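Below is one structure, written out as structure tokens, with a few remarks after it.
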Amino acid sequence: MTDAPDPRTYVLKPRPPVRAFVIAAGMTLLGALLVSLATAKEAALLWVVLAAIILIAGLVLAAMAGWSMVTMRTFVDLDPKGYRIHGPGTDKSGTWGDVTKVTTSAQGSHLTLYHGEVGRTHLICPGGGEDEEMKALVAAVAQHLDADRGYGETINVPLIDPHQPPNPDVVSHKQ
């Protein structure tokens, strides 16, 4: 029987929210500039407060973008018995015996586990098909399925050579 890989957890990480970081940097710089100008010119308190709000909003946006990179990860646990997918808003599990088919998208970023005619479990890698963790995950799923189904198992069947006299220990199905 083919050996299944050791149990392992794969972590699919989201892409960095570059747009949010750029907007946060712009808001922070604008807010800091306006705060310094408003306090230097002894502007009305309203302008100082507005500038401070822009500065704080930029810092909060940067913190939220950073926090989302940590909390939006999807974890895929694989072991010889089955799988478990858990992350934000999802917690699915199943056994390898329940999986009837596995497909990937052409780019390799979408893995679908089929459970009979109707059931589907989708895994989408935010990093795309070139993500090394996704490539390793797809290979591990294939290994686990092969091990569960016994693919690669060698069977000791004696070869029958038609040019040799028949061996009485080998049963032939010819009549």
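The values are calculated or read from the model by the stated rules, or taken from the named source; none is laboratory data. Being a predicted model, the structure only gives us computed values, none of them experimental. Cβ sites come from the backbone with ideal geometry, for glycine too, and all protein chains shown count toward neighbours. For accessibility, only protein heavy atoms count, side chains too; no ligands or nucleic acids. Shrake-Rupley method; radii C 1.70, N 1.55, O 1.52, S 1.80 Å.
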(message) Under 19 Å between alpha carbons, and skipping anything fewer than 8 positions from Lys135 in its own chain: which lysines qualify?
(response) Lys13, Lys101
(request) Assuming R0 = 22 Å, can you tell me the calculated FRET efficiency for the pair Ser36 and Met69, based on Cβ-Cβ distance, to the nearest 0.05? (result) 0.15
(request) With +1 on each Lys and Arg Cβ and -1 on each Asp and Glu Cβ, and nothing else charged, work out how big the dipole of the range 99-147 is about its Cα centre, in Debye to the nearest 20. (result) 200
(request) Using R₀ = 41 Å, calculate the FRET efficiency as 1/(1 + (r/R₀)^6) where r is the Cβ-Cβ separation of Val18 and Tyr151; round to 0.05. (result) 0.45
(message) I'd like the distance between the alpha-carbon centres of the range 134-150 and the range 1-79, rounded to an integer number of Å.
(response) 36
(request) For Gly87, enumerate residues with amide H under 5 Å from its amide H, sequence gap 5+ or separate chain, H modeled in the peptide plane. (result) Phe75
(message) From the protein chains alone at 1.4 Å, what is the descending order of accessible area for Ile85, Ile53, largest first?
(response) Ile53, Ile85
